[in-house]
Amino acid sequence: MTHSNKDTAPTAWAKTLKTLAMGLLASTAIASGAQAQEVNFWYHFDNADNPMSALVEKFEAENPGITVNAENVPWNSYYDQLYTSIVAGTGPDAALVKLNAQPRLIEMEALEPLDAWINGWGGKAEVQDNLFTLTAAADGSHYYLPVQYVVLYLYYRTDMFQELGLTPPTTCDEFRDAAKALTRDTDGDGHTDVYGFGFRGGKGGHDHWASLTLARDGVGFGKGELTSEAGVAGTQFVLDLFQKDKVFPPSAPNDGFKEIIGAFQGGQTAMTIHHIGSSAGMVEALGDKVSAVPVPECGGGHWTSFGDESTAVFSAAQDKEAAWKWISFLSSPINNAEFNKATGQLPVTKTDSANWDGHAARFVDATVASLPFAELLPNTSETADFANTVWPVAMQRALIGEISATEMNAEIDALYNK
């Protein structure tokens, strides 16, 4: 029995359609695969020496088929943009993140758990053990992979201290006396041109306030602790330094990182608080005219900030495995050293730490001496609001006299203890 052309035509057409469909599916799969192998990574570097391009190039050479798009987002708007992009569904696949953002990101269900990857990662044993403890979430899970860290200390101008016969302060009383002595009119024009301390009243300055306030016995973020007599006294101490002693520059309520570092390097301030990340620039500008010591003991204790920087993979990432490969690459020996040589912070790997020569010894010593009393802000969702809005707004208002120390501390207490 023979078949007519009428019978064979649909069969031929069906085969053609099948071939076209298979080709289209293959093209789609290739396109999807190519897209899935892209990792969009956000970070924020202030330093001009940016290692990211070289690290991306090295990673892509070691991981053919994965492309990393690294975007340097300005710090002042970093978290505003990050939160907004996550809500809009346009966020990165991975990003540089701080601990105070972790609770909010967990609440937003934006973070991918890393425990399975970390436990199966050959580089796990290389990461300093305490860093996994410090960066863990409240439930003990890990959503962050450490990539660098610092501890804040007190910078001081050795030349100015020597000129006045001063020694670095070890207590708040000594700090206040030194700041008053160092606040001077050095050119005789009747106007102060050197201030004792460069206070960061803008966003990010909560660590300055905390070092002079939270060190006091019984003062923290628990209910009633900041509104206690000791808590209010800590904030009042800060306000008095500005309003009565006038040892902060007039710009202090709005000063941020660049302002406090620029004033210190330029000789407008004699002390400030930051960390080893800025030490290379300090030495470049001042040589041996700058050194560092732990922050002073205030009201019975010490408090300084453990400064973290970690990476995270986001739950909406197109290719989570590729994103993990990228962030674990940044926390691996040699790569981590290169990353931190440029950023100016300390490496997280044991190998890189043992061979570290990225900072002058006096700044490393001040960091190590500060570790025993380094602290973290509360690992809760309120901390993001504290750092980004509540503290900077309240601090600025308090410094210019719009609210009192009691009112400022009450606002922070209300945030944490609703």
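The values are calculated or read from the model by the stated rules, or taken from the named source; none is laboratory data. Note that this is a predicted model, so its numbers are computed, not measured. In this analysis, Cβ positions are derived from the backbone assuming ideal geometry, glycine residues included, and neighbour counts consider all displayed protein chains.
In region 250-268, which residues are buried (at least 24 other Cβ atoms within 10 Å of the Cβ) and touching a Ser or Thr at 6+ places or on another chain (Cβ under 9 Å)?
Listed by number, the residues that qualify are I260, F264.
Could we say that Q102 is at pLDDT below 95, buried (at least 18 other Cβ atoms within 10 Å of the Cβ), part of a strand (DSSP E or B) and not hydroxyl-bearing (S, T, Y) here?
No, not satisfied.
Does any residue in region 164-189 that is without any contact (Cβ under 8 Å) to a residue 24 or more places away in the chain come within less than 7 Å, Cβ to Cβ, of a residue that is assigned to a loop (DSSP other than H, G, I, E, B) six or more places away or on a different chain, and which pairs are these?
Cβ pairs passing all conditions: A181/L166; R184/T192; D185/H191; D185/T192; D185/D193; T186/D193; D187/D193.
Let me spell it out: the conditions are (1) more than 19 Å from the chain's Cα centre (by Cα); (2) buried (at least 20 other Cβ atoms within 10 Å of the Cβ), and S315 meets all of them except one. Which number is the exception?
Single failed check for S315: (2).
Inside region 393-418, can you point out the residues that are surrounded by 20 or more Cβ atoms within 10 Å (Cβ to Cβ) and farther than 16 Å from L226 by Cα?
L399
Based on this model, can you work out whether P169 counts as in the same structural domain as V290 (by TED's automatic domain parsing), part of a loop (DSSP other than H, G, I, E, B) and either within 16 Å of the chain's Cα centre (by Cα) or of a type outside the set (V, I, T) (or both)?
In short, yes.
Of the residues that sit in region 139-165 and are among the aliphatic types (A, V, I, L, M) and assigned to a helix (DSSP H, G or I), which one is nearest to V293 (Cα to Cα)?
Going through the qualifying residues, I end up with M160.
What pairs come out if I take residues in region 391-418 that are among the β-branched types (V, I, T) and pair them with residues that are surrounded by 21 or more Cβ atoms within 10 Å (Cβ to Cβ) and assigned to a loop (DSSP other than H, G, I, E, B) whose C-beta lies under 6 Å away, six or more apart or interchain?
I412/L226
Specify which of the listed residues (A323, A270, A292, A285) is outside the structural domain of D177 (by TED's automatic domain parsing) and at negative phi.
Going through A323, A270, A292, A285 in turn, just one is outside the structural domain of D177 (by TED's automatic domain parsing) and at negative phi: A323.
Name the residues in region 334-361 that are buried (at least 16 other Cβ atoms within 10 Å of the Cβ) and of a type in the set (K, R), would you?
Correct list: K341 only.
Out of F59, F132, report the one residue that is touching a residue at least 12 places away in the same chain (Cβ under 8 Å), in a helix (DSSP H, G or I), among the hydrophobic types (A, V, I, L, M, F, W, C) and in contact with a Phe, Trp or Tyr (Cβ under 7 Å, 6 or more places away or on another chain).
Residue meeting the stated conditions: F59.
Please go through region 236-260 and pick out each residue that is in contact with a Phe, Trp or Tyr (Cβ under 9 Å, 6 or more places away or on another chain), in a helix (DSSP H, G or I) and over 20 Å from D185 (Cα atoms).
If the condition is that a residue be in contact with a Phe, Trp or Tyr (Cβ under 9 Å, 6 or more places away or on another chain), in a helix (DSSP H, G or I) and over 20 Å from D185 (Cα atoms), then V238, P253, F257 are the ones that fit.
Check A285 against each of (1) farther than 30 Å from E174 by Cα; (2) free of Cβ contacts under 8 Å to residues at least 24 places away in the same chain and name the one condition it does not meet.
It is condition (1) that A285 fails.
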